[in-house]
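Worksheet: one structure, shown below.
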Amino acid sequence: MHTESDHELALRAKSGDESAFNELMRRHYKGILNFVYKFTYKADLCEDLTQEVFLRVYKSIHTYEPQAKFSTWLYKIATNLCLTHLKKKNLNISLDEIRENIGELEDVKSEDAHNLMQRKELNDRVMKAISTLPEKERLAITLCKYQGLSYLEVSEALECSVGAVKTHIFRGRSKLIDILKPHIDEIN
């Protein structure tokens, strides 16, 4: 049985096939939801923004060009929506909001409570540190490292060169290491 690629589904959706669009949404909804969450750290807001991303995709699927990967085009729409929302709302994310919305990393039964608390604390610090990075660095790291996009896909989503993406990631990682090094030393 042949499973259609995103590209094939996008072309079908572009020609008006609702079932193809629904399949694309099913495949990518969770990834976009996680991506949006990394911008807002607010569970209720990320669901609304994710739905808005797919509404925009639905309305603009006719503009999809086959030479671009569908996922790159999708993340570009998600990135633009998140940036617009954050700029419009001028949201400042506090550590308390991150802790309130972060959720558990593992099932408590599978790890001892001390180890789980250390991992959750480190995760909280990483998420807070990422939220302090300049926009392009935060986006490049989130798209590449957390969403699994290639440097080329990130460059297309951010409308910059692959070299610029690598620079943003390098600078962002360097800043994260500086911010997080004292906390990692505490745990070890």
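So the values come out like this:
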read-out: Residue within region 8-15 that is assigned to a helix (DSSP H, G or I), touching a residue at least 60 places away in the same chain (Cβ under 8 Å) and in contact with a Phe, Trp or Tyr (Cβ under 8 Å, 6 or more places away or on another chain) present; value: yes
read-out: Residue tally, condition more than 18 Å from F170 (Cα to Cα) and either at pLDDT 70 or above or buried (at least 16 other Cβ atoms within 10 Å of the Cβ) (or both), over region 112-127; value: 7
read-out: Filtered residue count, region 16-35, keeping only those that are surrounded by fewer than 17 Cβ atoms within 10 Å (Cβ to Cβ) and either in a helix (DSSP H, G or I) or touching a residue at least 40 places away in the same chain (Cβ under 8 Å) (or both); value: 8
read-out: Region 51-90, residues that are among the aliphatic types (A, V, I, L, M) and either exposed (fewer than 15 other Cβ atoms within 10 Å of the Cβ) or modelled with pLDDT of 80 or more (or both); value: V53, L55, V57, I61, L74, I77, A78, L81, L83
read-out: Residue in region 134-174 that is modelled with the lowest pLDDT, counting only those that are touching a Ser or Thr at 6+ places or on another chain (Cβ under 8 Å) and among the polar types (S, T, N, Q); value: S155
read-out: Residue list for region 129-182, restricted to those being farther than 28 Å from R27 by Cα and exposed (fewer than 15 other Cβ atoms within 10 Å of the Cβ); value: T132, P134, G163, F170, S174, I177, D178, K181, P182
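The values are calculated or read from the model by the stated rules, or taken from the named source; none is laboratory data. Values in this document were obtained by computation on a predicted structure and should not be read as measured data. Neighbour counts are summed over all protein chains in view; Cβ atoms, including those assigned to glycine, are modelled from backbone coordinates with ideal geometry.
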